[in-house]
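One structure is given here, and the rest of the page talks about it.
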Amino acid sequence: MVDYPAPARPADFLSPAFHKQRRELLRAKLPPHSVAVVFAAPVRNRANDVDFVYHQNPDFYYLTGYEEPDAVLLLFAEPRTVGGQPGMTETLFTQPRNPAREQWTGRRLGAVGAKTQLALQYTADDTDFATSGIKWADFDKILFDNLPTDTRDDSRNPADLHNLVAAFRQQTNLLSGYDPTHSEVESIIRRYGSRDAKRMTEYINGQVKENPSLAKSPLIAAYLAAPTDAARQAAITTNPPGRFDDATLGEKLGDLRAIKTPDELALLRRAVRISAQGQREVMKLMRPDMGEMEVQGLHEYVYRRYGAEFQGYPSIVGGGANGCILHYETNDRQRLDNDLVLMDCGAEYHGYSADVTRTAPPSGTFSPAQRQIYELVLAAQEAGFAACRPGAPFDAPNKATQQVVAAGLQKLGIIKKKDDFRKYYPHGASHYLGLDVHDRGNYGPLQAGNVITVEPGIYIPAGSPCDPKWWNIGVRIEDDALITATGYENLSAEAPRTVADIEKIMAEPSALEGFKLPELK
């Protein structure tokens, strides 16, 4: 087939050397006589013959830089023979070149392109996966994470993701040694079961109620029966994953992905600065006669203008009562009036996602009640920032924000007992940020190189048992913090946070001010 040069792409994508180093670091963490198996993400259908824009499995992208579907990566703890070639430590099976399909859906790297452009040791077409001669019985451990279950079987493609997973199951005899209905809960217990026993027990009991067969799992049964934290940890220790291990790979990837390299930080900084600039411009433009969807569109226009390919998650733009819905995504209120507008929006730049929230009054001025709630959330965020330091428990920023919110709500008369704060602040303050907006990480002590959110909020829906002047006020302030050797750096500091700074910027003209479309009759 004739190949024509593709148009130049941005030069600041992660390099093949970055992905190769990530593979080597992960291989060094694998147990002896093991193989790690990572599948590409499924193609997901939107409606009829229209698919959603493809988004690669972040783990797969992190390890390869490969952005196409219908692929599988294998990493071997010791060199193996693949396709008749000895000494292989890594293998990537990719979708093959296909001129007819490429005319419709875009260029493919193919096995040769993946080998030369992504610096993989051994590559082959995905059609060769089932006949590659890998001796699966020789592995003491077969590691994988989130085995794809929402795959479609395309009758025209004998090696689509559906068939790759089926071949993996058949060749490894996975069907006889792995129960996916148990594995998800077991994996969560192994990762988080020694940190918050009360919440974990409530979660597991809820899962068992929905699926009684879970009680047959030795780990789940032992964990629920354990009377102390020491006994719960013993239940985890004495019930390790079996040969088919869907816990260890995620833990190892969590260790790696939680510490951002300088190359990753460059992309994250770009994503966060773009998102902060979106908040600035929207604040300048926002008026009471705008609707939520228009505000969303302005944020996302700024992202595209600065080269961000996507949003990291569906944009949340909630005015008034809608701002009290934590993950409100409808964004179809036609007029904002002067209810506070909560804007939780983040650009995705070359795969890395920001997560920045600001709350602002469309008129440009906070009412007294709005100001009081806003300044309480801001004080809570400052307490959360103060807790951001290496060595602190991951939950330290969250606990700091909770203490301030609880005391402040009680002082304002919105709650009677401090323990009631959860009614109006029902989420945590922090999560990791990176290739996923809720990125991988094992939630141990904070370390230099972590990027986390600090995002307290207060949400008071109508009908709440408090003075109606507080009703339909929803405030969240969210920034993205890099943990440094001595503390933290607020990566999103360019987005105004204080009442004074927000009101000041909302009085400024915007570069988009003159952009007006004709009325549609």
* To do: Starting from residues that are under 14 Å from residue 256 (Cα atoms) and among the hydrophobic types (A, V, I, L, M, F, W, C), keep the ones in segment 447-464 and report whichever is surrounded by the most Cβ atoms within 10 Å (Cβ to Cβ).
  => 451
* Asked: Does segment 71-93 contain at least one residue that is in contact with a Gly (Cβ under 6 Å, 6 or more places away or on another chain), more than 23 Å from residue 15 (Cβ to Cβ) and not polar (S, T, N, Q)?
  -> yes
* **Pair list, Cβ under 9 Å, 6 or more apart: segment 5-16 residue closer than 14 Å to residue 263 by Cβ, other residue open to solvent by 90 Å² or more (accessible area, probe 1.4 Å)** => 12/270; 16/117
* To do: Please work out if residue 460 is in contact (Cβ under 8 Å) with a residue 40 or more places away in the chain and closer than 27 Å to residue 266 by Cα.
  => no
* Structure fact -> Taking segment 88-102 and the residues there that are in contact with a helix residue (DSSP H, G or I) (Cβ under 9 Å, 6 or more places away or on another chain) and either open to solvent by 20 Å² or more (accessible area, probe 1.4 Å) or not β-branched (Val, Ile, Thr) (or both), the one that is nearest to residue 129 (Cα to Cα) would be 93
* **Test for residue 127: is it at pLDDT 95 or above, part of a helix (DSSP H, G or I) and either of a type in the set (Gly, Ala, Ser) or open to solvent by 10 Å² or more (accessible area, probe 1.4 Å) (or both)** => yes
* To do: Take the residues in segment 174-195 that are outside any helix (DSSP H, G or I) and either among the β-branched types (Val, Ile, Thr) or in contact with a helix residue (DSSP H, G or I) (Cβ under 8 Å, 6 or more places away or on another chain) (or both), then tell me which one is most open to solvent (accessible area, probe 1.4 Å).
  => 194
* Asked: If we scan segment 267-275, do we find a residue that is at negative phi, under 17 Å from the mean Cα position of the chain (by Cα) and polar (S, T, N, Q)?
  -> yes
* Structure fact -> Reported set for segment 41-63 where residues are charged (D, E, K, R) and part of a strand (DSSP E or B) is 46, 51
* Tabulated pairs, segment 44-66, first more than 21 Å from residue 15 (Cβ to Cβ) and in contact (Cβ under 8 Å) with a residue 40 or more places away in the chain, second assigned to a strand (DSSP E or B) and among the charged types (D, E, K, R), C-beta under 7 angstrom, 6+ apart or interchain -> 44/51; 45/51
* To do: Would you mind stating whether residue 24 is under 26 Å from residue 264 (Cα atoms), of a type in the set (Asp, Glu) and surrounded by 17 or more Cβ atoms within 10 Å (Cβ to Cβ)?
  => no
* Structure fact -> Here the qualifying pairs (Cβ atoms under 7 Å; residues six or more apart or on different chains; first in segment 327-351 and closer than 21 Å to residue 367 by Cβ; second open to solvent by 70 Å² or more (accessible area, probe 1.4 Å) and in a loop (DSSP other than H, G, I, E, B)) come out as 335/289
* Asked: Would you pick out the residues in segment 250-278 that are closer than 15 Å to residue 37 by Cα, at pLDDT 95 or above and not charged (D, E, K, R)?
  -> 253
* Take segment 406-446 and flag every residue that is more than 30 Å from residue 59 (Cα to Cα), in a loop (DSSP other than H, G, I, E, B) and open to solvent by less than 70 Å² (accessible area, probe 1.4 Å). => 412, 413, 414, 415, 424, 425
* Checklist (1) out of contact with any strand residue (DSSP E or B) (no Cβ under 6 Å at 6 or more places or on another chain); (2) surrounded by fewer than 20 Cβ atoms within 10 Å (Cβ to Cβ) applied to residue 347, failing item -> (2)
* Answer yes if at least one residue in segment 158-172 is more than 30 Å from residue 217 (Cβ to Cβ) and either touching a residue at least 40 places away in the same chain (Cβ under 8 Å) or crowded, with 20+ Cβ neighbours inside 10 Å (or both), and no otherwise. => yes
* To do: Specify which of the listed residues (231, 271, 226, 258) is under 30 Å from residue 500 (Cα atoms) and not β-branched (Val, Ile, Thr).
  => 271
* Can you work out which of the residues in segment 487-515 that are in a loop (DSSP other than H, G, I, E, B) and within 26 Å of the chain's Cα centre (by Cα) is surrounded by the most Cβ atoms within 10 Å (Cβ to Cβ)? => 495
* To do: Report yes if residue 296 is assigned to a helix (DSSP H, G or I), touching a Ser or Thr at 6+ places or on another chain (Cβ under 7 Å) and either free of Cβ contacts under 8 Å to residues at least 24 places away in the same chain or open to solvent by 10 Å² or more (accessible area, probe 1.4 Å) (or both), otherwise no.
  => yes
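A quick yes/no check of all residues on (1) farther than 19 Å from residue 354 by Cβ; (2) in contact (Cβ under 8 Å) with a residue 40 or more places away in the chain; (3) within 15 Å of the chain's Cα centre (by Cα):
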{"position": "415", "(1), (2), (3)": "yes, yes, no"}
{"position": "420", "(1), (2), (3)": "yes, no, no"}
{"position": "427", "(1), (2), (3)": "no, yes, no"}
{"position": "430", "(1), (2), (3)": "no, yes, yes"}
{"position": "434", "(1), (2), (3)": "no, yes, yes"}
{"position": "438", "(1), (2), (3)": "no, no, yes"}
{"position": "448", "(1), (2), (3)": "yes, yes, no"}
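The values are calculated or read from the model by the stated rules, or taken from the named source; none is laboratory data. These numbers were taken from a predicted model, which means no experiment stands behind them. Neighbour counts are summed over all protein chains in view; Cβ atoms, including those assigned to glycine, are modelled from backbone coordinates with ideal geometry. The protein model used for the area step is the full one, side chains on, heavy atoms only, and it has no ligands, DNA or RNA in it. Shrake-Rupley method; radii C 1.70, N 1.55, O 1.52, S 1.80 Å.
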